[in-house]
Amino acid sequence: MAKRRILITGANGFFGSRFVQRFDDRFDILATDVDTLDINNEDHVASAFETFKPDLVLHAAAVAATAFCNEHPDLARKINVDGAVSLARAAEKTGAGMVFISSEQVFNGNEEDGPYSEEDSAKPDTVYGETKLAAEGELRTCLEDLWTLRFTWLFGLPERGTGMSPGVVWNVVQSLMAGKMLKERTNEFRGITYVHDLLDRFEAILECKPDLYHVGSRNDLSRYDLAEHCLKLMGLGERTSELLEAVEAPARRDIRLATDKLASLGVSFPLSSAGMEHCISDFRFTL
């Protein structure tokens, strides 16, 4: 049986690079990033589709830095919305399906606490969140064979040949290496998902019908509680008071996602705390 052909954007990023490593033998993958595919150049995109003939487009590329997007809204929209639409049009034209990676950040402006379901109205208050939500809407008008996956905050540790990004566990490790006390918020609540827990379930997600899904681990702990849990897992629980400081954000923040929809289809995730345990165990990262 021929391998499924997947064109992935953002292949040098945190998620994309690990996806390529995990599934390089399972799928026929064309890994692209900003240096190899200009998603805002429709001729360039069309050429890539005509040459590779993907069955599926996994669109993981985005300008995600919140401050940068707020300072450069036109550029953020060009890449995060127009670039996604360019890919969707090529997918529709060639009969390919598309997976669009969206974000919990679409709920940043909601006043009520999470967790939020797919049925809840999203009210982003950052340019990044606005562009992700706008792209979701635009893509639904372009093609039917579309999976929109709103990820919780992914985390992991550095691996050879992969990208890296901030996360609770990596923030703890970096503070330890720098000999600095880590300050974490007691009034911020987010789901955090171990990237390999996600990759373990990614094929199962693709077996679900194309739709909007909230993806990741459920979490009832604050960022401070998660950092404290991480220190305990690393064998440093007795030193919490000298390594970790509790702080409060100016306002309570709760952008947790409800993932019952995927769970009802047989795709469930461990709690964020358990995912953290998986990560520390996988890397044997105890001190």
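The values are calculated or read from the model by the stated rules, or taken from the named source; none is laboratory data. Nothing here was measured: the structure is a model prediction, and the numbers come from that model. Note: ideal-geometry Cβ built from the backbone for every residue, glycine included; neighbour counts use all protein chains shown. Accessible surface is based on the protein model in full, side chains and every heavy atom, while ligands, DNA and RNA are left aside. Shrake-Rupley method; radii C 1.70, N 1.55, O 1.52, S 1.80 Å.
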_For a quick check: with amide H placed at 1.01 Å from N, whose amide H comes under 5 Å from Ala64's, ignoring anything fewer than 5 positions away on the same chain?_
none
*Over the chain, average the accessible area per residue using a 1.4 Å probe and give it in Å², no decimals.*
47
*Under a 5 Å amide H to amide H cut-off, with H placed in plane at 1.01 Å, what residues pair with Glu245 once short-range neighbours are removed?*
Leu182, Lys183, Glu184
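Going highest first, how would you order 113-123, 59-69, 17-27 by mean Cβ packing within 10 Å?
Details: 113-123: 15.5, 59-69: 18.8, 17-27: 17.1.
Going from most to least packed, we get 59-69, 17-27, 113-123.
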_Principal-axis tilt of helix 272-282 within the chain, Cα atoms, nearest 10 degrees_ = 90
*Could you run the Karplus curve 6.51 cos²θ - 1.76 cosθ + 1.60 with θ = phi - 60° over segment 166-173 and give me ³J(HN,Hα) per residue in whole Hz, x for Gly and Pro?*
x, x, 4, 5, 5, 4, 4, 4
*Cut-off under 5 Å, modelled amide H: who pairs with Arg4 long-range*: Asp28
_What does the charge count around Cys230 come to, taking other residues whose C-beta lies under 12 Å from its C-beta (Lys +1, Arg +1, Asp -1, Glu -1)?_
-2
*Inter-centroid distance (Cα atoms) of segment 172-196 relative to segment 102-161, Å*: 22
*Determine the share of segment 120-191's accessible area contributed by carbon and sulfur atoms, expressed in whole percent, with a 1.4 angstrom probe.*
48
*Mind sorting out which of (1) 21.4, 68; (2) 19.0, 64; (3) 19.0, 59 is the real Rg and Dmax of the Cα atoms in Å computed from the coordinates?*
(3)
*Options Leu287, Ser268, Asn108, ranked by Cα towards positive dipole end of the chain, top entry (Cβ charges)*: Leu287
*Find the centroid of the Cα atoms in segment 225-287 and in segment 37-70, then give the distance between the two in whole Å.*
32
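Step through the table entries Lys53/Lys78; Lys209/Lys261; Lys3/Lys261; Lys3/Lys53; Lys132/Lys183, compare each Cα-Cα distance with 20 Å, and write down the pairs that go over it. Don't jump to the answer; show the numbers that get you there.
Numbers: Lys53/Lys78 25 Å; Lys209/Lys261 12 Å; Lys3/Lys261 29 Å; Lys3/Lys53 12 Å; Lys132/Lys183 29 Å.
Violating the 20 Å Cα-Cα cut-off are Lys53/Lys78; Lys3/Lys261; Lys132/Lys183.
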*To the nearest 20 debye, what charge dipole does segment 3-76 have about its Cα centre, counting +1 at the Cβ of each Lys and Arg and -1 at the Cβ of each Asp and Glu?*
540
*Determine the dipole magnitude for the chain: charges of +1 sit on the beta-carbon of Lys and Arg, -1 on that of Asp and Glu, nothing else is charged, the reference point is the Cα centre, and the result goes in debye to the nearest 20.*
560
*Gain in span if fully extended, Asp38 to Asp282, counting 0.36 nm per residue against the direct Cα distance*: 84.3 nm
*Extension gain from Glu242 to Glu112, taking 0.36 nm per residue of separation minus the Cα-Cα distance*: 43.4 nm
